[in-house]
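Down below is the structure, laid out as structure tokens.
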Amino acid sequence: AQRVTQPEKLLSVFKGAPVELKCNYSYSGSPELFWYVQYSRQRLQLLLRHISRESIKGFTADLNKGETSFHLKKPFAQEEDSAMYYCALSGNTGFQKLVFGTGTRLLVSP
Amino acid sequence: GAGVSQTPSNKVTEKGKYVELRCDPISGHTALYWYRQSLGQGPEFLIYFQGTGAADDSGLPNDRFFAVRPEGSVSTLKIQRTERGDSAVYLCASSTNSRGEQFFGPGTRLTVL
């Protein structure tokens with residue numbers, strides 16, 4: 001079965017602190033992994049995907065196939081990072097049928 | 001340019017009624033997706049269109065749900081005999097192709113009383 005698990009509903013940190021949003025997955029085969037973000041009163045948007053190996057807004061995520069994890073990290077959180085973050089996966093062939101986790105709300109306090 | 005738009009933004013209906021939710025994808029995007037997001041959950045896949053055809057409707061919960069995209073652009077999600085459990089935010093996304101980045105609309109919040 002395809003599943004994405006985000007164990008934390010809420011993560012609260014102070015500005016300048018490191019952030020790690022956890023994501024574990026189960027999938028038969030080689031999935032493609034994504035992080036989506038939804039800022040307050042904005043629509044859901046792609047933050048990064050593992051095949052791009054990019055750092056977006058200071059965030060990085062490494063796919064660990066052994067631990068089936070795709071944790072999102074940022075060394076120094078900013079207040080503008082406060083948002084809802086969703087981890088998602090899809091198969092790496094065919095169309096991009098996204099399976100989402102339940103999301104983690106990140107709150108960065110001054 | 002204009003992003004994905006969805007209308008209405010909010011829809012309140014009574015149990016048993018019929019509703020239609022509309023999605024206008026980004027111009028030129030051939031791939032179109034519908035998702036449903038219940039309170040406290042992530043979006044759940046409903047149906048995928050490539051052009052005019054529904055290539056995968058495996059996420060539709062039952063036969064009360066149906067979606068069309070007759071001209072390969074605008075799509076309409078139709079729900080018959082609505083139930084209180086259908087209350088959710090219905091999201092539409094479009095993409096240039098089947099593997100491209102999905103761009104989401106603002107969603108339609110459906111409330112069934």
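The values are calculated or read from the model by the stated rules, or taken from the named source; none is laboratory data. Not measured: the values here are computed from a predicted model. We place every Cβ from the backbone using ideal geometry, glycine too, and count neighbours over all the protein chains shown.
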With criteria (1) away from chain B (no Cβ under 14 Å); (2) at pLDDT below 95, A:Ser52 comes up short on (1)
Every listed condition ((1) of a type outside the set (Phe, Trp, Tyr); (2) surrounded by 11 or more Cβ atoms within 10 Å (Cβ to Cβ); (3) more than 21 Å from B:Glu101 (Cα to Cα)) holds for A:Leu33 save (3)
Note on segment A:1-49: residues in contact (Cβ under 8 Å) with a residue 60 or more places away in the chain and among the charged types (D, E, K, R) are A:Arg3, A:Glu8, A:Lys9, A:Lys15, A:Lys22, A:Glu32
Filter segment B:18-29 for residues that are within 13 Å of another protein chain (Cβ to nearest Cβ) and of a type in the set (A, V, I, L, M, F, W, C); the one that is surrounded by the fewest Cβ atoms within 10 Å (Cβ to Cβ) is B:Ile26
Only unsatisfied item for B:Leu32, checking (1) modelled with pLDDT of 95 or more; (2) closer than 19 Å to B:Gly85 by Cα; (3) within 12 Å of chain A (Cβ to nearest Cβ), is (2)
* Confirm whether B:Gly72 is farther than 27 Å from A:Gln2 by Cβ, free of Cβ contacts under 8 Å to residues at least 60 places away in the same chain and not hydrophobic (A, V, I, L, M, F, W, C). => yes
Over segment B:32-74, the set of residues under 20 Å from B:Ser5 (Cα atoms) and charged (D, E, K, R) is B:Arg36, B:Glu44, B:Arg69, B:Glu71
The residue from B:Ser87, B:Ser94 that alone is of a type in the set (S, T, N, Q), surrounded by 21 or more Cβ atoms within 10 Å (Cβ to Cβ) and at pLDDT 95 or above is B:Ser94
### Message
Being β-branched (Val, Ile, Thr), under 12 Å from the mean Cα position of the chain (by Cα) and at negative phi: is that true of A:Thr93 here?
### Response
no
Taking segment B:13-48 and keeping residues aliphatic (A, V, I, L, M) and over 16 Å from the mean Cα position of the chain (by Cα) leaves B:Leu39
Taking segment B:75-87 and keeping only residues that are touching a residue at least 40 places away in the same chain (Cβ under 8 Å) and of a type outside the set (Ser, Thr, Tyr), one is left with B:Leu77, B:Lys78, B:Ile79, B:Gln80, B:Arg81, B:Glu83, B:Arg84
Of the conditions (1) buried (at least 16 other Cβ atoms within 10 Å of the Cβ); (2) within 13 Å of chain A (Cβ to nearest Cβ), the single one that B:Gly53 does not satisfy is (1)
Of the residues in segment A:10-38, those that are assigned to a loop (DSSP other than H, G, I, E, B), at pLDDT 95 or above and over 19 Å from A:Ala61 (Cα atoms) come to A:Lys15
